[in-house]
Amino acid sequence: MSHPQPLTPEEKLADAKKQLSLPRIVVICGSTRFMTEMTEADLRETKAGRIVVKPGCDMKSPHELWSDPAEAEAEALKVRLDDLHRAKIRLADEVLVIGDYIGDSTRAEIAYARSLGKPVRFTHPEVDPDA
């Protein structure tokens, strides 16, 4: 007699989203130089009925939360924010990459999303590193 395999965490999350009748969740990725475009994409995706998650901090713009002159503190914050963004990718059903430039962080996010089997869309498909 065979026993059913227990659900993976990913399958449990997908099942919970279905049971809750959650709309599709889109995570926005890209360089923070495109924060204005990310806000516009957020509006468009929300209007289309999707839940949107995106970077919450632009460390390239001055702010008291990361103005600490200790470089190690800023680097630790960047590591925490990168971990948080990977969690957003795990939560999402798909990824939307904003902008006509792909840096190392965004390239790593795309690879991570694809390793999880997440579909990835681009506002500028020509920058897809796997195209």
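The values are calculated or read from the model by the stated rules, or taken from the named source; none is laboratory data. None of these values were measured; they are calculated from a predicted model. Cβ sites come from the backbone with ideal geometry, for glycine too, and all protein chains shown count toward neighbours. Note: accessible area is taken over every heavy atom of the protein model, side chains too, but ligands, DNA and RNA are not part of it. Shrake-Rupley method; radii C 1.70, N 1.55, O 1.52, S 1.80 Å.
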Only one of Ala113, Ala48 that is open to solvent by less than 60 Å² (accessible area, probe 1.4 Å) and at negative phi: Ala113
Checking Leu43 against (1) in a helix (DSSP H, G or I); (2) touching a residue at least 12 places away in the same chain (Cβ under 8 Å), the condition it does not meet: (2)
Subset of region 79-110 that is part of a helix (DSSP H, G or I) and of a type in the set (A, V, I, L, M, F, W, C) - its residue that is surrounded by the most Cβ atoms within 10 Å (Cβ to Cβ): Ile110
Candidate set: region 1-27, residues that are among the hydroxyl-bearing types (Ser, Thr, Tyr) and more than 20 Å from Leu116 (Cα to Cα); chosen: the one surrounded by the fewest Cβ atoms within 10 Å (Cβ to Cβ): Ser2
Which listed residue is over 29 Å from Lys17 (Cβ atoms) and aliphatic (A, V, I, L, M), from Ala74, Ala108: Ala74
